[in-house]
Amino acid sequence: MKRKNRNLGILMCFVFFRLVESSSLTIMCGDKDKRSRFVSEAVKEGWIRELEVRVRERTTHQMTLYALTKKGLRYLRDNVSGSFLDDLTDGELSSVAIFDKDEYSTDARKRIADTSSAMIMALAMGGTIPACVLNRCYTFGQSNGVVSAPQQKSATTLTAFVQSRFSENEYKKLSFFGAEVPADKQICFYDAAYVKQAVSGTSDPKAARDFYKGREIGLFMSSKQSLLTYCAPFFGMSWSKWQIAPEMNAIIRWNKRYASQDILYSRQFSALLIVRDHRQFSNLYNDVDHARKEDEVFGGRFDHVYLVEHSSYGAKYLRWLLSNSDAEIEDNCTSEVLSRRLARHNEGPSRKEFLYRDSEGNEGMCGLHLDVKRMIVMDRWARNHPEEKFVIYCIEPQVSYYKAVMPDNVSYVLM
């Protein structure tokens with residue numbers, strides 16, 4: 001019974017996510033063995049099906065995705081009593097499509113799966129996915145988006161069915177989406193369609209189609225951080241002015257309307273990049289696919305671009321990052337460095353870039369943020385001063401990301 005309930009819980013998430021990438025499913029299930037057991041049973045029973053997405057340019061990259069099936073939807077309806085799926089008639093079930101006609105391309109599937117990955121990271125860290133994101137019922141032109149009353153109507157797609165039947169009351173029954181978390185404790189994820197409509201201040205029916213045109217997949221929000229979120233592309237990541245301009249405009253307008261006073265006071269704009277591992281990050285940072293022009297800087301005009309690994313560890317790190325401001329992280333790092341006598345305050349002219357000097361006089365900076373913008377500063381200084389040594393103070397899982405891009409005259413001290 002316990003295993004059946006767990007399977008039902010995972011499958012219920014598929015109703016809203018529809019496509020889940022393999023490593024995201026590992027996070028949902030708890031580990032690779034549990035994922036393997038779930039996939040074996042779910043594919044055998046026909047509740048989900050496996051899809052391979054392959055893209056070839058410099059080399060071949062692929063994603064393994066799992067998609068909900070009509071049989072899986074029927075299984076949920078018949079085994080989860082008292083949910084909004086009770087209203088799904090046999091006639092609707094036979095006619096409803098899991099995907100819209102615009103959602104079968106490789107780009108669309110990756111975008112859906114990337115959005116699911118961010119949502120699953122949010123769930124794994126105890127964050128909240130608001131009801132209006134799950135059912136895409138937005139009303140704007142107000143101080144915030146709220147769930148509008150679902151309309152009882154026939155639906156041709158699963159997304160339309162959820163939109164017409166999934167109410168605020170239904171949302172409160174599904175505690176795993178964070179419905180019970182107090183508002184002042186919430187760390188929320190909003191998908192790109194929500195963000196696009198929120199910054200425009202109006203409910204725009206074209207936003208769902210426009211969802212497939214942008215790069216950002218959504219936004220993580222807490223009282224400490226507001227992070228426009230990206231998932232690493234298969235090949236290369238441009239930061240041209242024409243691409244970054246609407247993205248910067250989105251985060252600027254979002255923060256003016258929804259961010260805390262502390263975030264507004266900082267006058268800084270931040271992004272989050274979800275990557276598979278340090279190798280994928282290294283390829284993007286070093287531009288091995290030649291996606292950037294000569295004058296482009298990784299992260300464009302963003303003040304911070306934080307990295308988070310697509311894993312259970314990454315979800316824990318993301319919660320910590322969203323629970324602290326940049327200044328608080330710096331202060332905590334400084335307190336630890338000084339109390340353990342790992343270094344002293346840097347009194348030299350470069351103290352803005354490097355807060356610390358170790359016992360040998362080597363300059364160092366806090367690396368706990370895993371911020372690409374800080375990496376660029378360290379990288380440039382270290383390469384411009386090859387005769388000097390530099391230090392990054394960080395934790396063990398972060399070292400591989402720094403080593404992937406830093407020159408040999410940079411060393412690491414674990415916190």
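The values are calculated or read from the model by the stated rules, or taken from the named source; none is laboratory data. Since we're looking at a predicted model, the values are computed, not measured. Cβ atoms come from the backbone with ideal geometry, glycine included; neighbour counts cover every protein chain shown.
Listed here are the residues, each with its yes/no results for (1) crowded, with 17+ Cβ neighbours inside 10 Å; (2) of a type in the set (D, E, K, R); (3) within 31 Å of the chain's Cα centre (by Cα).
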{"residue": "322", "(1), (2), (3)": "yes, no, yes"}
{"residue": "334", "(1), (2), (3)": "no, no, yes"}
{"residue": "341", "(1), (2), (3)": "no, yes, no"}
{"residue": "352", "(1), (2), (3)": "no, yes, yes"}
{"residue": "372", "(1), (2), (3)": "yes, no, yes"}
{"residue": "382", "(1), (2), (3)": "yes, no, yes"}
{"residue": "385", "(1), (2), (3)": "no, no, no"}
{"residue": "403", "(1), (2), (3)": "no, yes, yes"}
{"residue": "410", "(1), (2), (3)": "yes, no, yes"}
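Please verify whether residue 97 is buried (at least 18 other Cβ atoms within 10 Å of the Cβ), assigned by TED's automatic domain parsing to the domain that holds residue 66 and either within 30 Å of residue 314 (Cα to Cα) or in contact (Cβ under 8 Å) with a residue 40 or more places away in the chain (or both), treating the condition exactly as stated. So residue 97 fails the test. Only one of the numbered conditions (1) out of contact with any Cys (no Cβ under 7 Å at 6 or more places or on another chain); (2) modelled with pLDDT under 95; (3) not charged (D, E, K, R) is violated by residue 355, and that is (1). Between 296, 330, the distinction of being among the acidic types (Asp, Glu), assigned to a helix (DSSP H, G or I) and either buried (at least 16 other Cβ atoms within 10 Å of the Cβ) or modelled with pLDDT of 95 or more (or both) belongs to 330 only.
Remark: pairs (first residue in region 239-258, in the same structural domain as residue 195 (by TED's automatic domain parsing); second residue surrounded by fewer than 19 Cβ atoms within 10 Å (Cβ to Cβ) and assigned to a helix (DSSP H, G or I); Cβ separation under 9 Å; 6+ apart in sequence or on different chains) = 253/200; 255/264; 256/264. Restricting attention to region 31-77, the residues that are farther than 30 Å from residue 235 by Cβ and either free of Cβ contacts under 8 Å to residues at least 60 places away in the same chain or not assigned by TED's automatic domain parsing to the domain that holds residue 312 (or both) total 16.
Those helices (runs of 4 or more DSSP H) of region 126-218 in which 1 or more residues are modelled with pLDDT of 85 or more and farther than 16 Å from residue 254 by Cα occupy 131-135, 158-165, 168-173.
Only one of these is closer than 29 Å to residue 358 by Cα, touching a Gly at 6+ places or on another chain (Cβ under 9 Å) and modelled with pLDDT of 95 or more: 308, 337. Name it. Talk me through it step by step, then tell me what you get.
Numbers: 337 fails: modelled with pLDDT of 95 or more.
None of the other options fit; the residue is 308.
If the condition is being farther than 12 Å from residue 378 by Cα and not in a strand (DSSP E or B), then region 390-402 contributes 395, 396, 397, 398, 399, 400, 401. Checking region 78-88 against the condition returns no match, with no residue being within 19 Å of the chain's Cα centre (by Cα), buried (at least 16 other Cβ atoms within 10 Å of the Cβ), in the same structural domain as residue 314 (by TED's automatic domain parsing) and of a type in the set (S, T, N, Q).
Applying the condition of being surrounded by fewer than 19 Cβ atoms within 10 Å (Cβ to Cβ) and touching a Phe, Trp or Tyr at 6+ places or on another chain (Cβ under 8 Å) to region 248-262 and asking which residue is farthest from residue 303 (Cα to Cα) yields 252.
For region 233-285, a tally of residues being over 23 Å from residue 317 (Cβ atoms) and not in a helix (DSSP H, G or I) returns 7.
Residues are listed down the side, and each one gets a yes or a no for (1) closer than 19 Å to residue 158 by Cβ; (2) modelled with pLDDT under 95; (3) among the aromatic types (Phe, Trp, Tyr); (4) not in a strand (DSSP E or B):
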site	(1), (2), (3), (4)
3	no, yes, no, yes
8	yes, yes, no, yes
20	yes, no, no, no
44	no, no, no, yes
49	yes, no, no, no
53	no, yes, no, no
63	no, yes, no, no
67	yes, no, no, no
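When residue 69 is tested against (1) loosely packed, with under 15 Cβ neighbours inside 10 Å; (2) in contact with a Lys or Arg (Cβ under 9 Å, 6 or more places away or on another chain); (3) not aliphatic (A, V, I, L, M), just one condition goes unmet, and that condition is (1).
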